[in-house]
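Report on the structure given below.
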Amino acid sequence: MSQANDLGRWGETTAASFLAEKGFKIIARNYRNWQSEIDLIAAKDDMLIFIEVKTRTGMAFGMPEEFVNVTKARLIMRAAEQYIFDVDWENDVRFDIISILVLPDGSTDIRHIEDAFSR
């Protein structure tokens, strides 16, 4: 198991706790479809939210959320379409990013970017 995988798992757990504290109900973790994975699926106020979690320990290559490119967004949206079909969801949906930056002192900077794919 690589440190990157451990950091990613830790980030997803941290993001799930962060969202739960904000009143989100976590429905699924690591939902996989043929070509993509959605880190977290949550619900709040009759909305289904698909969440990509990006965790980094430094900013040498940019902020964590900058690693979600157009191709990654398309793959997430494709997987979300399948999930919506599978559960027969008929309400609104949204795509968010949780960006977690682990600072040198061990603290974290967590950013919740709502409706991230519509920008």
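Bear in mind these aren't lab numbers, they're just calculated from the coordinates by the rules spelled out. In this text, all values refer to a predicted model and were calculated from it rather than measured experimentally. So basically every Cβ, Gly included, is an ideal-geometry build from the backbone, and we count neighbours across all protein chains shown.
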*Before we move on, is V70 surrounded by fewer than 15 Cβ atoms within 10 Å (Cβ to Cβ), within 19 Å of E114 (Cα to Cα), of a type in the set (V, I, T) and without any contact (Cβ under 8 Å) to a residue 24 or more places away in the chain?*
yes
*Test each condition in (1) exposed (fewer than 14 other Cβ atoms within 10 Å of the Cβ); (2) touching a strand residue (DSSP E or B) at 6+ places or on another chain (Cβ under 6 Å); (3) of a type in the set (D, E); (4) at negative phi for E81 and report the one that comes out false.*
(2)
*Extreme residue, surrounded by the fewest Cβ atoms within 10 Å (Cβ to Cβ), among residues of the stretch 26-59 that are farther than 15 Å from F95 by Cα and among the charged types (D, E, K, R)*: R32
*Could you name every one of the strands (runs of 3 or more DSSP E) located completely within the stretch 1-101 that has at least 1 residues being of a type in the set (G, A, S)?*
25-32, 37-44
*Out of the stretch 102-112, which residues are of a type in the set (A, V, I, L, M, F, W, C) and either in a strand (DSSP E or B) or on the phi > 0 side of the Ramachandran plot (or both)?*
V102, I110
